[in-house]
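Every number in this text was worked out from the coordinates using simple rules, so none of it is lab data. Note that the structure is a prediction, hence the values are computed from the model and not measured. Positions of Cβ are generated from backbone atoms using ideal geometry, with glycine treated the same way; all protein chains shown enter the neighbour counts.
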């Protein structure tokens, strides 16, 4: 045995014969580091990410369509041009997918007023517009609901006092926010009918207190993001010119 081997064996014998030491965390300290222009750029990192940034910026700035005017979610009490556009775009893009899988049509679309996160400015519409309008990763679901459940949906909308985007549903309320008439595709809602309601996963799971989606007769995940539906719709039209209409209105008693 060499001296080196003997030393190593003695070290191991000493190490494992030592009394076990228990360490206890006494204190955690931290400090805030502000991110500002005072932090110098790492040139190596900058060189590495530059081509990716350029590619993303080019994609976001690609022109998809043209907006005839500027649209905002504050331009109406019960329905807005921008909300109508979004709900109709979701219907137009999602319905062919749903029908190809089930043989059924979507009966109506319900989104939420708070989900509209930006305006659509007059002029070119880009991919960036869609990301600003809908920055969340919400996916589209189609929920099977009986007519009796639809009553809860309609009652929620009538009392919400917000312009939640809807498509294919027409709702008339009085000055006390009671429902005068509610129709889907021009027909009265029947208790025993099954209605296929397209919405997003946030609302399906109770977002904005929309608890009426559960229980249900079934749910279909389209694996299709709301934002992608908007982008696909932008690509199909040359110019968007949505308007406020009579899909959700209030009448005097």
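Once you sort the root eigenvalues of the Cα gyration tensor of the range 136-181 as a ≥ b ≥ c, which label holds: rounded (a/c under 1.5), prolate (a/b larger than b/c) or oblate (the other case)?
Numbers: a/c = 2.40, a/b = 1.49, b/c = 1.61.
Taking the square roots of the gyration eigenvalues as a ≥ b ≥ c, the range 136-181 is oblate.
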Percentage of interatomic Cα-Cα distances in the range 60-250 larger than 30 Å: 15
Label-point separation in nm, residue 208 to residue 151, each point 7 Å along Cα→Cβ: 2.4
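Which order do peptides 220-231, 81-92 fall in by mean Cβ count within 10 Å, highest first?
Details: 220-231: 18.2, 81-92: 23.2.
Final packing ranking: 81-92, 220-231.
Ranking request for peptides 175-181, 203-209: highest mean number of other beta-carbon atoms within 10 Å first, then the rest in descending order. Kindly include the intermediate steps, with their values, before the conclusion.
Working: 175-181: 11.6, 203-209: 15.9.
In decreasing order of mean packing, 175-181, 203-209 become 203-209, 175-181.
Report the gain in length on full extension from residue 250 to residue 131: 0.36 nm times residue separation, minus Cα-Cα distance, nm rounded to one decimal. Numbers along the way, then the final one.
Working: separation 119, 0.36 × 119 = 42.84 nm, distance 3.22 nm.
Gain on extension, residue 250 to residue 131, equals 39.6 nm.
Return a whole-number percent for the relative contact order of the range 123-210, with Cα pairs under 8 Å and 6 or more residues apart as the contact set.
So the answer I get is 38 percent.
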For peptides 132-143, 235-246, sequence by mean Cβ density within 10 Å, most packed first: 132-143, 235-246
